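The block underneath contains the structure these notes are about, expressed in structure tokens.
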Amino acid sequence: MDKTLNNKMPLTTEEYMDLFRKSEALLEGHFLLTSGKHSAQYMQCAQVLQHPDRAGILAEGLASQFRDMDVQTVIGPATGGILVAHEVAKALGVRSLFTERENGIMRLRRGFTISPGERVLVVEDVITTGGSVREVLTVVKEFGATALGVGVLVDRSGGKVDFGLPQCSVIQLSIQAYEAQDCPLCAQGIPAVKPGSRKI
């Protein structure tokens, strides 16, 4: 790995996990994921990102993987990717953008724009199926910009999601996710809660 801006090597996976544990970000229960699947565990990145020092450490871990790629802009989906994009952009010394859904479609709003050929890094807090990241990649393509890669804090797909671009995560987990009709928690009558932000 390349050294980070503060000349410290990125942390180990276990050290990154410790940041999440200290922040009580790994939740246990019955959760309805953004993908529509169900799970007994949920990684609530907002719990760790509320601490600027910890957010900065995680962002450095991602930024170190893309520092030699001449990134011009970092972009993430609202709301989970906003802070991640901002912190990674800060680590790389470039600007930060975020996309939002308008009438169910992911778009750039608030006067944001991307130039044709602009070199863009897409980031997100957590991926399970990668749906939100793919929507952001579509936006980047629509503007004629170049998507350089994808960085995520937590890949809970266990490395199964492939965007066809260089990609990395600071933490990779294999957390079991179930289709609703196959969910053992539903079979036990345990109510599901939706902790994410997709409909915001």
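The values are calculated or read from the model by the stated rules, or taken from the named source; none is laboratory data. Keep in mind that this is a model prediction, so the values were computed, not measured. Virtual Cβ from ideal backbone geometry, glycine too; neighbours counted across all protein chains shown. These area figures cover heavy atoms from the full protein model, side chains too; ligands, DNA and RNA do not enter into them. Shrake-Rupley method; radii C 1.70, N 1.55, O 1.52, S 1.80 Å.
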Point to revise | Scan of region 25-50 for residues that are crowded, with 18+ Cβ neighbours inside 10 Å, among the aliphatic types (A, V, I, L, M) and not in a strand (DSSP E or B), ordered by number | key: Ala25, Leu33, Val48, Leu49
Point to revise | Candidate set from region 77-88 (those that are in contact (Cβ under 8 Å) with a residue 40 or more places away in the chain and out of contact with any Leu (no Cβ under 8 Å at 6 or more places or on another chain)); member that is most open to solvent (accessible area, probe 1.4 Å) | key: Thr79
Practice item. Output the number of residues of region 180-200 satisfying the condition of being out of contact with any Gly (no Cβ under 8 Å at 6 or more places or on another chain), under 14 Å from Leu33 (Cβ atoms) and assigned to a loop (DSSP other than H, G, I, E, B). Key: 6
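Yes/no matrix, rows are residues, columns are (1) closer than 21 Å to Pro166 by Cα; (2) free of Cβ contacts under 8 Å to residues at least 12 places away in the same chain; (3) within 14 Å of the chain's Cα centre (by Cα); (4) in a strand (DSSP E or B):
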site	(1), (2), (3), (4)
Val74	yes, no, yes, yes
Phe98	yes, no, yes, yes
Gly111	no, yes, no, no
Pro116	yes, no, no, no
Val120	yes, no, no, yes
Val123	yes, no, yes, yes
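State all residues of region 146-200 that are of a type in the set (Phe, Trp, Tyr) and within 15 Å of the chain's Cα centre (by Cα); if no residue qualifies, say none.
Phe163
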Exercise for review: Out of Leu148, Leu108, Leu137, report the one residue that is within 13 Å of Gln72 (Cβ to Cβ), touching a Phe, Trp or Tyr at 6+ places or on another chain (Cβ under 8 Å) and modelled with pLDDT of 95 or more.
Suggested key: Leu148
Practice item. Output the number of the condition that Gly159 fails; it satisfies all remaining conditions of (1) among the small types (Gly, Ala, Ser); (2) at positive phi; (3) at pLDDT 95 or above. Key: (3)
**Study point:** Test for Asp70: is it more than 30 Å from Gly189 (Cα to Cα) and modelled with pLDDT under 95
**Key:** no
Study note, to complete from the structure: Within region 89-110, of all residues that are open to solvent by 60 Å² or more (accessible area, probe 1.4 Å) and out of contact with any strand residue (DSSP E or B) (no Cβ under 9 Å at 6 or more places or on another chain), the one nearest to Met69 (Cα to Cα) is Gly93
Check your understanding: Can you name the residue in region 112-131 that is at pLDDT below 95 and out of contact with any helix residue (DSSP H, G or I) (no Cβ under 7 Å at 6 or more places or on another chain) and is also nearest to Ala46 (Cα to Cα) among such residues?
Key -> Thr128
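Across region 111-160, what is the total count of residues that are open to solvent by 50 Å² or more (accessible area, probe 1.4 Å) and closer than 22 Å to Ser64 by Cβ?
So the count comes out to 2.
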**Study point:** Pairs, first more than 11 Å from Ile171 (Cα to Cα) and assigned to a loop (DSSP other than H, G, I, E, B) in region 142-157, second open to solvent by 10 Å² or more (accessible area, probe 1.4 Å) and among the aromatic types (Phe, Trp, Tyr), C-beta under 7 Å, six or more apart
**Key:** none
